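The values are calculated or read from the model by the stated rules, or taken from the named source; none is laboratory data. Everything quoted here is computed from the prediction, not taken from an experiment. Cβ placement follows ideal geometry from the backbone for every residue including glycine, while neighbour counts extend to all protein chains displayed. The area values use the complete protein model at the heavy-atom level, side chains included, leaving out ligands, DNA and RNA. Shrake-Rupley method; radii C 1.70, N 1.55, O 1.52, S 1.80 Å.
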Amino acid sequence: MQKILMASLTLTAAALVGCLGGGDPPLAARPNILMIMADDLGYSDIGAFGGEISTPNMDALVASGRVLTHYRTGTTCSPTRAMLMSGTDHHIAGLGSMAELLGVAIATNTAPWGASNTYGLTSLPDGYEGYLNERVLWMPQLLADGGYHTYMAGKWHIAQSPASPAATGGAPFALYPDAYPKRRGFERSFALLQGGGSHFAPVTGKPTVADLGASYVEDDQAVTLPADFYSSNSYTDKLIEYLESSKGDGKPFFGYLAYTAPHWPLQAPDADIAQYAGRYDEGYEVIRERRIAKQKALGLIPADFHPNAGLDDTFGRPKWNSLSPEQKAVEARKMEVYAAMVDNMDRNIGRLIQYLKDTGRYDNTLIVFTSDNGAEGSPSQFVNNANTDNSLANIGRPLSNVAYGERWAEVSATPFRLWKGMATEGGVTAPLVVRLPGQSVSKPQLSDLTHVSDLLPTFLEAAGIANPGTTYAGRTVHPITGVSLLARLQDRTTTATRGANDALVDELFTGRYVIRDNWKLVSVQAPFGDNSWQLFNLATDRSESHNVIDAHPTLAAQLMAEYDAYVARTGVVHAPGGLGRAPAP
């Protein structure tokens, strides 16, 4: 695979804008920008979205910001992150499929991948490199060239390439240094390169697979984790350290805080877990019903909203009353740890915001909080080894390696269908909160159809940096296809971000969707569907409970044509794959 030649960074000639205003406090020409991304957080987990987990700092952000209720992501983490950083589709940006799973498909000769088929390690189609490629724009480079400090701490996950397990010692992918954070424009960075790892530092002499599979770099150079490392605490410490280094120099910052919470393996400090002891003993169904009621009270869903019923008893995992007391204890403990991870992340977000206030930078900071995709129903992809300790007493502590499974994922995804990896609403709907510079009170919820690729053009407009179009720093690039949300966020226009004829389209692991004018055409791949098209009216059935494709054949055909055009435009190669199914309790 040909290496990327990093173009030299040159200052753009973009003019900086002054007041962008309407009736809001005027945006300064160069606001700070803080992008906070959780990892596999479900739509209903935080308090302001219906959850019972203590999240006062994220709730305060909602109270001084704006909730976008129809925001969509990719179906999994690295494709979403590629779209965030490039402002365009992940099939164009290099993550047409996840590098890890593409490597498996190639190694197992799963058509059309592998030595016996069309595409192999030396013949990957454009857009399936596994890393943020050189044919797209890079958010940190654009902001750095526009006069910003650019800092990140947390998960990167867009610098891998499919590889032969024989060449890597067992892994179906290899790291790709030319796409590390600094080489994509971050001035300072502390990054986990893979998709996940232990949240604690390795226990001396007892490495787990989650330890062995995690690589950290600072400014693209390998580092060893300190003994007191805990992911959310340490990422926040690092970003504050970077911000402190440039305090008072008059230059705005872009900060990207990419937490790995609450991604498996579920792990949290003991004190955080202890706060949730007994909180989930009533089980999945009771907690989910309470969240639905709270979402209705908050106005997130209509009072007459019918939530998705979840997987039935035959195909789904056992419901709470079917579990033994021992199984209930394990299941409750998993959710206690998950809640503790979210609680800890919230506390760290509060610590960062307080730092910005203490240093006089909060008022002029544009803050965005979201998750990379929906809740995660799949098992941990780290296999257990002799050092793994998943005993009930150790779940959530160092050496443990558990995920919370499908039934708790249904709770997190409330009120939607399924979860991460699927093109359903539960897989691609994430909480999105935006707080504008100078904003101190909440604005009404915004129901525009919006997408993760919209964030880059929004940031560029806020920063007064011109959209580069199709060339940048000596490279020919695919243009940004997302749409700036700034005018809508500032109430400078009443025109929706996307009109009745504008569609959002995506594909991953052969699962697909097309959303246009409140209609959604979607297919669900195995093991939860046969990948046949279904049609839902999102205006009345966002829970995707009533397939009406037979009643609207003309509309369905039009949306199928939208999908075919998308495939041709983005170079989709239908790549089988998936994250696997969680075992029963």
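So which of 441, 452 ends up being under 21 Å from the mean Cα position of the chain (by Cα) and touching a residue at least 24 places away in the same chain (Cβ under 8 Å)? Quick ask: steps written out before the conclusion?
On the way: 441 fails: under 21 Å from the mean Cα position of the chain (by Cα).
Going through 441, 452 in turn, just one is under 21 Å from the mean Cα position of the chain (by Cα) and touching a residue at least 24 places away in the same chain (Cβ under 8 Å): 452.
I'd like to check which strands (runs of 3 or more DSSP E) are fully inside the stretch 176-291 and have at least 2 residues that are in contact (Cβ under 8 Å) with a residue 60 or more places away in the chain and under 23 Å from residue 53 (Cβ atoms).
It comes to 253-258.
Screening residue 186 with (1) open to solvent by 10 Å² or more (accessible area, probe 1.4 Å); (2) over 26 Å from residue 124 (Cα atoms); (3) among the aromatic types (Phe, Trp, Tyr) gives one miss only, at (1).
Only one of the listed residues (529, 482, 499) is among the small types (Gly, Ala, Ser), outside any helix (DSSP H, G or I) and over 19 Å from residue 70 (Cα atoms). That residue is 529. Helices (runs of 4 or more DSSP H) fully within the stretch 51-125 that include at least 1 residues being more than 30 Å from residue 286 (Cα to Cα) and at pLDDT below 95: 99-107. Of the residues making up the stretch 84-119, just one is buried (at least 24 other Cβ atoms within 10 Å of the Cβ) and of a type in the set (Phe, Trp, Tyr), namely 113. Take residue 512 and decide whether it is assigned to a loop (DSSP other than H, G, I, E, B), touching a residue at least 24 places away in the same chain (Cβ under 8 Å) and of a type in the set (Lys, Arg). Against the criterion (assigned to a loop (DSSP other than H, G, I, E, B), touching a residue at least 24 places away in the same chain (Cβ under 8 Å) and of a type in the set (Lys, Arg)), residue 512 does not qualify.
For the stretch 132-144, indicate whether the set of residues that are assigned to a helix (DSSP H, G or I), under 24 Å from residue 74 (Cα atoms) and among the polar types (S, T, N, Q) is non-empty. Looking for residues that are assigned to a helix (DSSP H, G or I), under 24 Å from residue 74 (Cα atoms) and among the polar types (S, T, N, Q), one finds at least one in the stretch 132-144, hence yes. When each of 407, 417, 397 is tested for being farther than 26 Å from residue 518 by Cβ, surrounded by 24 or more Cβ atoms within 10 Å (Cβ to Cβ) and not hydrophobic (A, V, I, L, M, F, W, C), the lone residue that passes is 407. Whether any residue in the stretch 164-177 is more than 28 Å from residue 235 (Cα to Cα), at pLDDT below 95 and either open to solvent by less than 20 Å² (accessible area, probe 1.4 Å) or among the hydrophobic types (A, V, I, L, M, F, W, C) (or both) is what I want to check. The answer is yes; a qualifying residue exists. Would the stretch 253-268 turn up any residue that is out of contact with any strand residue (DSSP E or B) (no Cβ under 9 Å at 6 or more places or on another chain), open to solvent by less than 80 Å² (accessible area, probe 1.4 Å) and of a type in the set (A, V, I, L, M)? Yes, the conditions are met somewhere in the stretch 253-268.
Exactly one residue among 377, 350, 316 is of a type outside the set (S, T, N, Q) and at pLDDT below 95, and that residue is 316.
So for the stretch 314-323 (the condition being under 19 Å from residue 391 (Cα atoms) and surrounded by 15 or more Cβ atoms within 10 Å (Cβ to Cβ)), does at least one residue qualify?
Yes - at least one qualifying residue is present in the stretch 314-323.
Figure legend. Inter-residue proximity from the stretch 295-307: first residues open to solvent by 90 Å² or more (accessible area, probe 1.4 Å), second residues at pLDDT 95 or above, beta-carbon distance below 8 Å, spacing 6+ or different chains. Indicated pairs: 306/541; 306/543; 306/545. Only residues that are open to solvent by 40 Å² or more (accessible area, probe 1.4 Å) and under 21 Å from the mean Cα position of the chain (by Cα) were counted in the stretch 480-507, giving 2.
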